[in-house]
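Down below is the structure, laid out as structure tokens.
The values are calculated or read from the model by the stated rules, or taken from the named source; none is laboratory data. Just so it is clear, the structure is predicted and the values come from calculations on it, not from any experiment. No Cβ is skipped: glycine too gets one built from the backbone with ideal geometry, and neighbour counts run over all protein chains shown.
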Amino acid sequence: MALVMDKRLTVDHSHEEKPPAEFQPYDIGEYTLKAPLTSNKSGFSKWGFCWKGDTEFFIKEFLSPVYPDDSVELSAAMREKRIDECVRWFDSKSRIYNTIVQAQTGNLVVPISFFKYESRFYLVTQKVSESAMDFAVLNRFDMAHKLIVMKVLANSFARLAERNIVHADVKPDNLLIKQTNGGFFTMKIIDFDASYLADQPPEPDEVQGDTVYYAPETLLYIIGEPAHLSPKVDVFAMGIIFHQVLTGKMPVIKDEYDYIYEAVLSDDPPVLEPSLPPDYKRLLENMLQKDPKNRLSMQQVFDELVRLDTLRQAAEKAAPPPAVPPVQPAAAPAQAGFLNATDDDLW
């Protein structure tokens, strides 16, 4: 008797996806990549980690521009145009990166190497741990710790402003919290992809950054209205950031607006947290001025924070000592928290 195969039981494997090939490490110039790059949270680049000797670094591969190599079929005129665009872009970025290095305060994650390899451009910086503390929890700490964070930020951005650098993408994701061995906070400021020199701003359609933290003049510049982009763009964004540090919340705007800059441009400024002490509220109001000419400079912000911290310390010294609580039996040791972490735990 002949056997007939039931075609309903036949499984077609022809369209099944094959498992991805195992990643093979490769070199990018003098750096070795041991894992694939990712574009997660980075629309204009790929990023990952690389090694040089025994040291691990952060590496970023720019998706644009792409240098036309010999395998790309282009007319001589088009090839020359593409090469010229790459050279001008590279020179512009190099100028910005070199200036940022000169503004280093110890809190800026500055470029270590910027280079072309084959048809792509790469940026290498110090590796910063991804285990940094969540920015939102700053509100849980006392004013002394908050002032340290704000003073570090203001001083670092004041040094950038001295050299006419606009970071242009000030937001919590780019302000990584670090804790020192003494239990105090400091910051690592990262991601200068959107940055520019105030005397060489990007074209309006090339402006980057997070619209949540846009200054009013940024929007005006993008839509072609008369506007000058300066380091005070960062002061406006930092005013929003400081409100988050002090209160754990964004300034409040009416439902008809999507962004704070929209409310400010409509002469309907955001409502700051009512419980803020008057001096701090006044500081934020002066950072969030519509006209950058009326807005504080970052150095003025730093100076005011120093004054407020001096007043805070004087008030603490003048206050009567707290009552000594009765001695309680020793409790079991608690799990180590952030205040017991060391630098090595975070970076």
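Condition first: closer than 13 Å to K171 by Cβ and free of Cβ contacts under 8 Å to residues at least 60 places away in the same chain. Now tell me which residues in region 192-217 satisfy that.
Matches in region 192-217: A194, G209, D210, T211, V212, Y213, Y214.
A158 fails exactly one of the following numbered conditions: (1) over 13 Å from F192 (Cβ atoms); (2) not in a helix (DSSP H, G or I). What is the number of that condition?
Going through the list (1) over 13 Å from F192 (Cβ atoms); (2) not in a helix (DSSP H, G or I), A158 breaks only (2).
For residues that are small (G, A, S) and under 16 Å from D210 (Cα atoms), scanning just region 229-252, find the one that is farthest from the chain's Cα centre (by Cα). Give the steps one after another, and end with the answer.
Kept after step one, since they are small (G, A, S), are these residues of region 229-252: 230, 237, 239, 248.
Remaining after also requiring under 16 Å from D210 (Cα atoms): 237, 239.
Numbers: A237: 12, G239: 15 Å.
Selected residue: G239.
Within region 180-191, can one find any residue that is more than 22 Å from S156 (Cβ to Cβ) and buried (at least 19 other Cβ atoms within 10 Å of the Cβ)?
We begin by selecting, within region 180-191, every residue more than 22 Å from S156 (Cβ to Cβ); these are none.
There is no residue in region 180-191 that is more than 22 Å from S156 (Cβ to Cβ) and buried (at least 19 other Cβ atoms within 10 Å of the Cβ).
So, K188, is that one assigned by TED's automatic domain parsing to the domain that holds L246 and in a strand (DSSP E or B) or not? Don't jump to the end; show me each part of the working.
On the way: assigned by TED's automatic domain parsing to the domain that holds L246: yes; in a strand (DSSP E or B): yes.
So K188 fits the description; yes.
What number of residues within region 103-150 satisfy the criterion of being outside any strand (DSSP E or B), charged (D, E, K, R) and under 29 Å from L37 (Cα atoms)?
Of the residues in region 103-150, 4 are outside any strand (DSSP E or B), charged (D, E, K, R) and under 29 Å from L37 (Cα atoms).
Residue-wise test of (1) in contact with a Leu (Cβ under 9 Å, 6 or more places away or on another chain); (2) more than 25 Å from V207 (Cβ to Cβ); (3) outside the structural domain of G29 (by TED's automatic domain parsing).
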| site | (1), (2), (3) |
| --- | --- |
| R82 | yes, no, no |
| R88 | no, no, no |
| S119 | no, yes, no |
| S156 | yes, no, yes |
| K171 | no, no, yes |
| K178 | yes, yes, yes |
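Could you check region 245-347 for helices (runs of 4 or more DSSP H) lying wholly inside it with 3 or more residues that are modelled with pLDDT of 95 or more and closer than 27 Å to F157 by Cβ?
On the way: elements: 260-265, 278-287, 298-318, 343-346.
The qualifying helices (runs of 4 or more DSSP H) are 260-265, 278-287, 298-318.
Tell me the residue from I148, I96, I100 that is of a type in the set (A, V, I, L, M, F, W, C) and over 30 Å from E85 (Cα atoms), please.
Working: I96 fails: over 30 Å from E85 (Cα atoms); I100 fails: over 30 Å from E85 (Cα atoms).
Exactly one residue qualifies, and that residue is I148.
Check L138 against each of (1) surrounded by fewer than 17 Cβ atoms within 10 Å (Cβ to Cβ); (2) modelled with pLDDT under 95 and name the one condition it does not meet.
(1)
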